[in-house]
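What follows is calculated from the coordinates using simple rules that are stated; it is not laboratory data. As the structure is a computational prediction, the values presented were derived from the model and not from experiment. Backbone-built Cβ (ideal geometry, glycine too); neighbour counts: all protein chains shown.
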């Protein structure tokens, strides 16, 4: 990129003209899409930037604060219809596509154990890192899984069609190397309160013949693995 002036305001060795975060020498170290100089939790994944007490510190890193945490995937895999007994629990990417006789569906289950026992969930947003986009512009639907499963053995035959028909949320993965979030507050509340067993979610594409991919919990960059940001309040002692 032509850059005769060679300006580099944050002295990170990347010229301002091509630096996504020209005033952040650490270049969004928490990989949440918010440059550190304007991020209210610069070293903690916090794409929602929620600041419940309006003190300038995001709830994820604010102590004390109204309460927020990042909940990570405890299991994930992808299911392949044309190889119905094949397990993809250790793959670094989750494939998602729809073709005649060969649907591919990622499944993700989040660990809710870090949420305090007396909490009341205010909001919950699930996040996935798009490693390969779907240029069709068609949404990926998020459904609640209705049966238990194990990352080490799950396959299409055991889980491929075991999901609730209700669409809990949707996102459109038209860009690569970005986060896509989907708000699933009601579902997270049901999981946490015990009204519904936490078997996780299944991603079901709506486009034909196009495959998208997402970082799994085995992905090489830990900051890009699936997670859910939960904001909660706790009962007064």
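As a proxy for reagent exposure, ranking 72, 171 by other Cβ atoms within 10 Å from fewest up yields 72, 171. At a Förster radius of 25 Å, what calculated FRET efficiency corresponds to the Cβ-Cβ distance of residue 211 and residue 178, to the nearest 0.05? With R0 = 25 Å, the Cβ-Cβ based efficiency is 0.90.
Take the Cβ atoms of residue 223 and residue 113, set R0 to 30 Å, and the FRET efficiency comes out at 0.90.
In the elastic network of the chain, a GNM with C-alpha springs shorter than 10 Å, the most mobile of 16, 39, 28 is 16. Normalising by residue count, region 12-51 has a Cα convex hull of 55 Å³ per residue. Scoring 149-157, 87-95 by mean Cβ neighbours within 10 Å over their residues and listing the highest first yields 87-95, 149-157.
With contacts taken as Cα pairs under 8 Å and at least 6 residues apart, region 122-237 reaches a relative contact order of 45 percent.
A value for P(r) over Cα pairs in 5 Å bins from 0, in percent was derived from the coordinates, and within the list [x] 1, 6, 12, 13, 13, 11, 10, 9, 9, 7, 5, 3, 1; [y] 1, 5, 11, 12, 11, 9, 7, 7, 7, 7, 7, 5, 4, 3, 1, 0, 0; [z] 1, 7, 13, 16, 17, 15, 12, 8, 6, 3, 1, 0, 0 it appears as [z].
Could you list 113, 212, 123, 82 so that the one with the fewest beta carbons within 10 Å of its beta carbon is first and the one with the most is last?
Details: 113 8, 212 29, 123 16, 82 12.
The order, fewest Cβ neighbours first, is 113, 82, 123, 212.
Using R0 = 35 Å, the C-beta based FRET efficiency linking residue 20 and residue 90 works out to 0.65.
Once both labels are positioned 7 Å from their Cα atoms along Cα-to-Cβ, the gap between residue 170 and residue 102 label points is 2.5 nm. In this label model, residue 38 and residue 3 are separated by 1.9 nm, measuring between points 7 Å along each Cα→Cβ vector.
Spin-label pair residue 83-residue 31: with each label point 7 Å from Cα along the Cα-Cβ axis, the two points sit 2.5 nm from one another. Only helices enter the 222 nm calculation for the chain: every DSSP H run of n ≥ 4 contributes -39,500 (n - 2.57), and dividing by all residues gives -1500 deg cm²/dmol, rounded to 500.
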